[in-house]
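Structure in structure tokens, see below.
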Amino acid sequence: MNLLEVLKENIAAALSGAKAYNLPKLCVDLGLSEGEESEAFSSKHYYVLRRVQLLDKEKTISVGKKAFERFPSYQLQETLDLISPPADGAISAITRRHLVDELSNMGDLAGQMHLTEFLNRILPLSQMPFDGGRFDRTTLEDGVQQHMVRNDDWTYKDFFDFANVLKLSERRFRSILEAVVHPEIRTGEEQKRFVEAINPYLLRDGFELLPVDQTSGYPVYRVVKKGGVSGHCKNLIFAANGPKPELVLADALNNDIRIVKNQNYCLVYDRPIGLDGLRWGELVAWWAARFPSSDPERNLYKRLSASLASEVEKRFFRLYFEIFRDVLKENLPAIIPQVYLHYDPYTVRDLPNGSALARQRMDFLLLLPYRQRVVVEIDGKHHYAEGDAASPKRYAEMVAEDRNLRLLGYEVYRFGGLELQEATAREAVGGFLNRLLKKAS
């Protein structure tokens, strides 16, 4: 049976938990065809199955997700994850085997947690079938109680074999690795030891465990695709529509930034940015919480647009929304204008070369999934000339800063101002962003 057929069976199994007299309406709510209540009373499972069998793959996945929201089950979630794996690739079967062997030999995986609490944290044991060698089939939770709690005749390797972890979905396998090194399980040198044992295997497939957050001061690790920018975004200062903000490092140990002057001219996004990046809807929600209004999205758009200095920048910003807002909807990445990359506290008078840092602000920044940071620069004459004369010095500074950003993991793309003239801008912007967002998804 292929995955699509398994998914349809699991949808039917999940919905069969509903009352028979509610099932026809429930199916209609989920987008399935209507039927008679008497048919549902005959067999709830087959009532649903007959309807999902008519669906194509995309519609089946959509119904499966809706069904999972109402009737969550391990089997349904696993099948959904298997049929729609992460876009960033997969940990190979060979690497999975090596990781299982490595973890099984590293000692007590449960760390500071009780064994059964830990195992239930990484897998829903009560929902996973287990053949205990008797006529009746039990759950994996029963197997753990029998062979790891009351008796001691299972190793971790035995547990992983019975849990069939080599065949688990990519999402769930990664979650096991993340749980093993979570600070609720282990901290300090012990956490570091496990991370250093796991990462050499993950790196073979282009992944690694990286700290992306903290809890109580301890790092929280996630399995991420190698590449992009290391670490996570801590300070997002943007859209200054007046004098540039003056920044100080209030706490060097925690990298806490404080704006000491001109704060009222800029915006500071102060919410966590996860591995999914920053979407436009999230930025609007943040703005609405700070500046309640009847139309926060329109007001935010106007405020961001006001920070743009040139007509070509405003045209690029406007076309981004005209082309993609209604297409991508809730998945539209936030496009953030005038983002401060760093701040040079010394004035031109203080330094012989004018500044210790060549580029202090980016024209546009997109924070895309898996730590991808995309910089878009709109080049006017001032990028490569002084007055009307070409300036090799200015151009050299610009390309040197581009190289530095790329070495840090940023992607940098430039538009010449001529490309964004009224007649050619839509084609240039649409073509570029279509390919960029497809590549980043």
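Note down all Cβ pairs under 7 Å where the first residue falls in the range 210-236 and is under 15 Å from LEU177 (Cβ atoms), the second is at pLDDT 85 or above and basic (Lys, Arg), and they're at least six residues apart or on different chains.
Hits for this filter: LEU210/ARG222; VAL212/ARG222; VAL223/ARG174.
Just one of (1) without any contact (Cβ under 8 Å) to a residue 12 or more places away in the chain; (2) in contact with a helix residue (DSSP H, G or I) (Cβ under 7 Å, 6 or more places away or on another chain); (3) not acidic (Asp, Glu) trips up VAL48, so point out which.
Going through the list (1) without any contact (Cβ under 8 Å) to a residue 12 or more places away in the chain; (2) in contact with a helix residue (DSSP H, G or I) (Cβ under 7 Å, 6 or more places away or on another chain); (3) not acidic (Asp, Glu), VAL48 breaks only (1).
Whether any residue in the range 183-204 is touching a Gly at 6+ places or on another chain (Cβ under 9 Å) and among the aliphatic types (A, V, I, L, M) is what I want to check.
Yes, the conditions are met somewhere in the range 183-204.
When the range 261-319 is examined, which residues are found to be assigned to a helix (DSSP H, G or I), of a type in the set (Ser, Thr, Tyr) and either at pLDDT below 90 or outside the structural domain of LEU368 (by TED's automatic domain parsing) (or both)?
Taking the range 261-319 first, the residues assigned to a helix (DSSP H, G or I) are 263-265, 280-290, 296-305, 311-319.
With of a type in the set (Ser, Thr, Tyr) added as a condition, the list becomes 265, 301, 305.
Listed by number, the list holds a single entry, TYR265.
If you scan the range 82-94, which residues turn out to be in a helix (DSSP H, G or I) and crowded, with 17+ Cβ neighbours inside 10 Å?
Within the range 82-94, the subset in a helix (DSSP H, G or I) is 82-83, 93-94.
Scanning the range 82-94 gives LEU82, ILE83.
Could you list, in sequence order, all residues of the range 266-290 that are hydrophobic (A, V, I, L, M, F, W, C) and closer than 24 Å to ASP326 by Cβ?
Answer for the range 266-290, where residues must be hydrophobic (A, V, I, L, M, F, W, C) and closer than 24 Å to ASP326 by Cβ: LEU278, TRP280, LEU283, VAL284, ALA285, TRP286, TRP287, ALA288.
Is it the case that some residue within the range 186-206 is polar (S, T, N, Q) and touching a Phe, Trp or Tyr at 6+ places or on another chain (Cβ under 8 Å)? Working first, answer last.
Going residue by residue through the range 186-206, those that are polar (S, T, N, Q) are 187, 191, 199.
Within this subset, residues satisfying the condition of being touching a Phe, Trp or Tyr at 6+ places or on another chain (Cβ under 8 Å) are 187, 191.
For the range 186-206, residues polar (S, T, N, Q) and touching a Phe, Trp or Tyr at 6+ places or on another chain (Cβ under 8 Å): present.
Out of LEU76, LEU55, LEU32, which single residue is of a type outside the set (Phe, Trp, Tyr), surrounded by 15 or more Cβ atoms within 10 Å (Cβ to Cβ) and touching a residue at least 60 places away in the same chain (Cβ under 8 Å)? Can you show your working first?
Values: LEU55 fails: touching a residue at least 60 places away in the same chain (Cβ under 8 Å); LEU32 fails: touching a residue at least 60 places away in the same chain (Cβ under 8 Å).
Selected residue: LEU76, the only one of LEU76, LEU55, LEU32 that is of a type outside the set (Phe, Trp, Tyr), surrounded by 15 or more Cβ atoms within 10 Å (Cβ to Cβ) and touching a residue at least 60 places away in the same chain (Cβ under 8 Å).
A further question on this structure: Please verify whether VAL144 is touching a Phe, Trp or Tyr at 6+ places or on another chain (Cβ under 8 Å), more than 19 Å from TYR221 (Cα to Cα) and in a helix (DSSP H, G or I), treating the condition exactly as stated. Don't jump to the end; show me each part of the working.
On the way: touching a Phe, Trp or Tyr at 6+ places or on another chain (Cβ under 8 Å): yes; more than 19 Å from TYR221 (Cα to Cα): yes; in a helix (DSSP H, G or I): yes.
When the stated conditions are applied, VAL144 passes them.
Something else: Does the range 10-19 include one or more residues that are free of Cβ contacts under 8 Å to residues at least 24 places away in the same chain and out of contact with any Asp or Glu (no Cβ under 7 Å at 6 or more places or on another chain)?
Yes, that holds for at least one residue.
Also: Step by step: first the residues of the range 149-166, then only those that are under 15 Å from HIS98 (Cα atoms) and in contact with a helix residue (DSSP H, G or I) (Cβ under 9 Å, 6 or more places away or on another chain), then the one that is surrounded by the most Cβ atoms within 10 Å (Cβ to Cβ). Which residue is that? Full working, then the answer.
From the range 149-166, those under 15 Å from HIS98 (Cα atoms) are 156-158, 160-161, 164-166; that's our starting set.
With the extra rule that they be in contact with a helix residue (DSSP H, G or I) (Cβ under 9 Å, 6 or more places away or on another chain), the set shrinks to 156-158, 160-161, 165-166.
Values: TYR156: 19, LYS157: 13, ASP158: 14, PHE160: 22, ASP161: 14, VAL165: 19, LEU166: 13.
Out of the qualifying residues, it is PHE160.
Looking at (1) in contact with a Leu (Cβ under 9 Å, 6 or more places away or on another chain); (2) surrounded by fewer than 20 Cβ atoms within 10 Å (Cβ to Cβ); (3) under 24 Å from ASP101 (Cβ atoms), which is the one condition that is false for GLY143?
(2) is the only condition that GLY143 fails.
Do we have GLU102 as in contact (Cβ under 8 Å) with a residue 12 or more places away in the chain and crowded, with 16+ Cβ neighbours inside 10 Å here?
Working: in contact (Cβ under 8 Å) with a residue 12 or more places away in the chain: yes; crowded, with 16+ Cβ neighbours inside 10 Å: no.
No.
For the range 155-175, indicate whether the set of residues that are of a type outside the set (A, V, I, L, M), closer than 22 Å to GLY111 by Cβ and in a loop (DSSP other than H, G, I, E, B) is non-empty. Please lay out each step first, then the result.
Start the filter on the range 155-175 by keeping residues that are of a type outside the set (A, V, I, L, M), which leaves 155-162, 164, 167, 169-175.
Those left that are additionally closer than 22 Å to GLY111 by Cβ: 155-162, 172-175.
The next check asks that each one be in a loop (DSSP other than H, G, I, E, B); those that pass are 155.
Looking for residues that are of a type outside the set (A, V, I, L, M), closer than 22 Å to GLY111 by Cβ and in a loop (DSSP other than H, G, I, E, B), one finds at least one in the range 155-175, hence yes.
Continuing with the same structure: Looking only at the range 35-52, how many residues end up being surrounded by 12 or more Cβ atoms within 10 Å (Cβ to Cβ), more than 32 Å from the chain's Cα centre (by Cα) and assigned to a helix (DSSP H, G or I)? Can you show your working first?
Initially, the range 35-52 is screened for residues surrounded by 12 or more Cβ atoms within 10 Å (Cβ to Cβ), giving 35, 37, 39-41, 43-52.
Next, only the ones that are more than 32 Å from the chain's Cα centre (by Cα) stay: 35, 37, 39-41, 43-51.
Within this subset, residues satisfying the condition of being assigned to a helix (DSSP H, G or I) are 37, 39-41, 44-51.
Of the residues in the range 35-52, 12 are surrounded by 12 or more Cβ atoms within 10 Å (Cβ to Cβ), more than 32 Å from the chain's Cα centre (by Cα) and assigned to a helix (DSSP H, G or I).
Another question about this same structure. So SER441 clears everything in (1) at pLDDT 70 or above; (2) within 30 Å of PRO86 (Cβ to Cβ); (3) not aliphatic (A, V, I, L, M) except one condition, right? Which one?
(1)
From the list PHE71, PHE118, pick out the single residue that is in contact (Cβ under 8 Å) with a residue 24 or more places away in the chain, more than 30 Å from LEU437 (Cα to Cα), under 27 Å from the mean Cα position of the chain (by Cα) and assigned by TED's automatic domain parsing to the domain that holds GLN146. Don't jump to the end; show me each part of the working.
Details: PHE71 fails: assigned by TED's automatic domain parsing to the domain that holds GLN146.
Being in contact (Cβ under 8 Å) with a residue 24 or more places away in the chain, more than 30 Å from LEU437 (Cα to Cα), under 27 Å from the mean Cα position of the chain (by Cα) and assigned by TED's automatic domain parsing to the domain that holds GLN146 holds for just one of PHE71, PHE118, which is PHE118.
The values are calculated or read from the model by the stated rules, or taken from the named source; none is laboratory data. This structure is a prediction, so every number in the text was calculated from the model and none was measured. Here the Cβ is made from the backbone with ideal geometry for all residues, glycine too, and neighbour counts use every protein chain on show.
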